[in-house]
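Some notes on the structure that comes next.
Values in this text are rule-based calculations from the coordinates and carry no lab data. On a predicted model such as this, the values are computed, not experimentally measured, just so you know. We place every Cβ from the backbone using ideal geometry, glycine too, and count neighbours over all the protein chains shown.
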Amino acid sequence: MAAAAAAEQPQPQPPQAQFSDLLVIGNSITKIGPNAMVGWTGDWGMAASSADKDFAHLTAAALHLPLTALNFSPLEKNPADNVWQIPSYVQAATPRTAVVVELGDNVPLASVPAFGAAYGLLLDALHVAKLACVSTWWKEESRDAVIEQACKAHGGKYVYIGDIYPQRADDIGRYADVDVDRHPHDWSMRVIAERVTAALQN
């Protein structure tokens with residue numbers, strides 16, 4: 001009887017079981033389409049060698065979740081003029097969605113206060129199961145401070161990745177265009193994914 005009763009007890013579920021899907025809202029590190037001018041032919045996170053090697057896809061695979069990856073870089077470059085787009089970027093999110101916000105690298109210094117306000121509005125619009133906010137890739141400290149403060153205020157997990165750059169010597173040099181090559185390659189994308197996955201699981 002004791003064995004039967006034990007068998008009837010609900011078994012602990014892995015953290016990702018509470019999530020129905022993964023939504024990643026970011027910049028070119030999350031997703032960007034082809035650009036022949038700079039020699040970029042992908043339609044995924046720059047500069048991974050393939051879609052399954054960018055951090056968004058790696059995170060989704062680790063959590064066994066369907067992925068929606070969106071580029072919302074206009075919110076970085078011109079925050080005040082693009083807050084109106086927020087509803088269209090969060091419309092797919094449900095209370096069971098895990099969300100990663102990866103923004104900040106393209107924010108002009110003069111726009112940091114406006115970005116902070118817009119970033120807060122974006123997080124306000126997300127009523128989801130779990131939130132992780134990724135720091136800037138290029139160690140933009142003023143932007144990181146805004147991101148970290150807003151993330152914690154919304155109950156999210158802040159994920160710092162600025163220490164990964166500059167990358168390992170064997171993780172660069174694939175692209176002739178310097179700006180493309182400065183983006184995270186496969187090894188760096190894997191490290192980012194590991195940190196994001198851990199934040200969503202804990």
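What to note about this one:
- Each residue of the stretch 47-62 is assigned a 3J(HN,Hα), and the resulting list reads 10, 5, 6, 7, 4, 6, 10, 7, 5, 5, 5, 5, 5, 4, 5, 5 Hz, derived from the Karplus form 6.51 cos²θ - 1.76 cosθ + 1.60 (θ = phi - 60°), x at Gly and Pro.
- Calculated FRET value between ALA61 and GLU141, using beta carbons and R₀ = 22 Å, to 0.05: 0.10
- Amide H partners (placed H, <5 Å) of ALA69, local residues excluded: VAL24
- Contour excess over end-to-end distance, with Cα ends at ASN35 and THR94 and 0.36 nm allotted per residue: 18.0 nm
- Between helix 141-153 and the chain: long-axis angle, C-alpha atoms, 0 to 90°, nearest 10: 20 degrees
- Bridges between two residues of the chain, per DSSP, are antiparallel at a rate of about 10%.
- Rounded to the nearest 20 debye, the dipole magnitude of the stretch 81-192 is 500 debye, with +1 charges on Lys and Arg beta carbons, -1 on Asp and Glu beta carbons, and the Cα centre as origin.
- Rounded to the nearest 20 debye, the dipole size of the stretch 130-202 about its Cα centre is 380 debye, using +1 on the Cβ of Lys and Arg and -1 on the Cβ of Asp and Glu.
- Dividing the mean sequence gap of close Cα pairs (under 8 Å, 6+ apart) by how many residues the chain holds gives a relative contact order of 24 percent.
- Each peptide in 175-181, 59-65 was scored by the mean count of other Cβ atoms within 10 Å over its residues; highest first, the order is 59-65, 175-181.
- Distance between the stretch 63-139 and the stretch 166-190 - C-alpha centres, whole angstrom: 24 Å
- Annotation: for a label point projected 7 angstrom from Cα along Cα→Cβ of LYS152, residues of the stretch 101-134 with backbone N closer than 14 Å are 133.
- Backbone geometry of the stretch 183-200 corresponds, through the Karplus equation with coefficients 6.51, -1.76 and 1.60 at θ = phi - 60°, to 3J(HN,Hα) couplings of 6, x, 8, 4, 4, 5, 4, 5, 5, 4, 4, 4, 5, 5, 4, 4, 5, 6 Hz, x marking Gly and Pro.
- Charging the Cβ of each Asp and Glu at -1 and of each Lys and Arg at +1, and nothing else, the dipole of the stretch 65-139 about its Cα centre rounds to 200 debye.
- Overall form of the stretch 34-138 per C-alpha gyration tensor (a/c, 1.5; a/b vs b/c): oblate
- Potential extension, ASP163-LEU121 segment - 0.36 nm per residue separation minus Cα distance: 12.4 nm
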